[in-house]
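**Student:** Below is a structure I'd like to ask you about.
Read-outs: derived from the displayed coordinates by stated rules, not from any lab. Since the structure is predicted, the reported quantities are computational estimates derived from the model, not experimental observations. Using ideal geometry, Cβ is built from the backbone for each residue, glycine included, and neighbour counts are taken over all protein chains shown.
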Amino acid sequence: MVLAAILTDTPKSEPFKHGLEVKEFNPPQPQANESVVKVRAVAFNHRDIWILKGLYPGIVLNSVLGADAVGVLEKKGAASVNEGQRVLISPSVNWDSCPRGPEGDFRILGMLPSPGTFAETINIDSKEVFPCPEHLTDSEAAAIPLAGLTAYRALFSKCQAQKGDYVLVTGIGGGVALFALRFAVAVGAHVYVTSSNPDKIKFAKELGAEGGVNYKDPNAIEDLKKQLNGKLINAVVDGSGGKLFEKLPEAMAQGGIIAQYGDTASPQGVSFTRDLWGRNCELKGSTMGSRAEFAKMLEFIDKNKVRPVVSHSFKGLTQENLDKSVSLLAHGQQLGKVVIEI
Ligand SMILES: NC(=O)c1ccc[n+]([C@@H]2O[C@H](COP(=O)([O-])OP(=O)(O)OC[C@H]3O[C@@H](n4cnc5c(N)ncnc54)[C@H](OP(=O)(O)O)[C@@H]3O)[C@@H](O)[C@H]2O)c1
């Protein structure tokens, strides 16, 4: 038996539809294609909040939740990594390498039939196991998989961002957004951000952003253009939609690309001004990434010694730590990833 965080039908409070409870769990025997990873740290994503609110497709009660983990390879299975080595797990199931999208029945770890990571050990298909870059602490490493992969695909595969480009990352308090900022700075882009919170914009500048605007300010687009001082945005990495998003093409260069990976502020969809087509801008949807992109992202992180931003790191897979983590994300009080070290 191991301890795990399991999705239940007993929510703690409004607005949740489900609960997340620490329980004893009997993991199945590993299959021939699987490795066993002893988990050292796990991280939360906004997806976990959508699931607890009942606003996510394909919810299965009694699933072990969680898509992110770093651990130690305990039983090698068919993995090319050695036992005892620290590993990261790719969260995208059935997506090998196709740049357009998943080849198969795409799933994300953390909803049955795919095992979740919020557990003391996890049995995982050996091909999803990758050596962890050595410069990272366990908390930093746990922060990477889902958010890092989403940011990597949106910024590089979709927006084709490169050195010298002007990149806008929206909602910089978010886990994916902070990875996009870190990656864009590492590649030598000029980065601007949006946030509801001036302190988060200030923090983004400490991480290398050149400017930032408050997306709640009705003059945000004018403010952004003023800060750009005649330059224009080549790439937008967005996870929220919202009022400002619709105006962004006004500040974009010809052929600019918007990669949207989420719709926190616009679940009903977005509309655009004529600048979108007038400036030949492209709007691209982006979802997580393939195993091949996961490998490329880890190489990028290793080469550039990128350090994920960890907002909170709690010690121990306890009910109190689960509740605190969920509350932080549900209220948007985090600045970076929320991690539990196991
Ligand atoms: N397609 C995919 O593969 C994929 C992968 C990961 C996440 N997602 C989705 O992307 C979204 C973000 O995920 P996450 O895990 O990074 O979330 P998160 O860490 O909970 O961050 C959410 C952030 O959204 C920002 N936000 C809220 N309202 C906004 C608005 N009107 N305009 C701009 N930003 C706004 C806030 O930024 P401030 O605090 O700075 O105001 C907040 O920090 C979620 O909807 C999630 O479901 C999709």
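**Student:** Compute the distribution of all C-alpha to C-alpha distances in region 187-342, in bins of 5 Å from 0, and list the percent of pairs in each, rounded to whole numbers.
**Tutor:** Answer for region 187-342: a P(r) of 2, 8, 13, 18, 20, 17, 13, 6, 3, 1, 0 percent.
**Student:** Sum up the charges of everything whose Cβ sits under 13 Å from the Cβ of Ala295, counting Lys and Arg as +1 and Asp and Glu as -1, but leave Ala295 out.
**Tutor:** Numbers: positive: Lys127, Arg153, Arg291, Lys296, Lys303; negative: Asp96, Glu128, Glu293, Glu299, Asp302.
That sum, taken over residues with Cβ under 13 Å, equals 0.
**Student:** Distance cut-off 21 Å, Cα to Cα: go down the list Lys76/Lys127; Lys127/Lys315; Lys202/Lys247; Lys284/Lys337 and report the pairs above it. Present the calculation step by step, with values, prior to reporting the outcome.
**Tutor:** Values: Lys76/Lys127 11 Å; Lys127/Lys315 29 Å; Lys202/Lys247 23 Å; Lys284/Lys337 25 Å.
Among Lys76/Lys127; Lys127/Lys315; Lys202/Lys247; Lys284/Lys337, the Cα-Cα distance tops 21 Å for Lys127/Lys315; Lys202/Lys247; Lys284/Lys337.
**Student:** Further question on the same structure: Tell me which residues come under 5 Å, amide H to amide H, from Ile233 once H is placed; ignore anything under 5 positions away on its chain.
**Tutor:** Excluding prolines and chain starts, which carry no amide H, the hits are Met252, Ala253.
**Student:** So what's the back-of-envelope 222 nm ellipticity for the chain, counting only DSSP H runs of four-plus at -39500 (n - 2.57) apiece and dividing by all residues, rounded to 500?
**Tutor:** Details: 10 runs with 86 residues, N = 342.
Using -39500 (n - 2.57) per qualifying helix, the result is -7000 deg cm²/dmol.
**Student:** With a cap of 12 neighbouring Cβ atoms within 10 Å, and only residues DSSP puts in a loop, list the GluC sites (Glu not before Pro) found in region 35-117.
**Tutor:** Values: sites: Glu74, Glu83, Glu103; in loops: Glu83, Glu103.
Sites meeting the loop and neighbour criteria: Glu103.
**Student:** Could you calculate the contour length gain from Ala32 to Leu232, that is, 0.36 nm times the residue separation minus the distance between their Cα atoms, to one decimal place in nm?
**Tutor:** Details: separation 200, 0.36 × 200 = 72.00 nm, distance 5.28 nm.
Here the answer is 66.7 nm.
**Student:** Taking the chain as a Gaussian network, where each spring joins two C-alpha atoms under 10 Å apart, which residue of Gly104, Gly148, Gly19 fluctuates the most?
**Tutor:** Gly104
**Student:** Output needed for the chain: three equivalent-ellipsoid semi-axes, defined as square roots of 5 times the C-alpha gyration tensor eigenvalues, in descending order, whole Å. Working shown, then result.
**Tutor:** Values: eigenvalues 229, 92, 64 Å².
Semi-axes, largest first: 34, 21, 18 Å.
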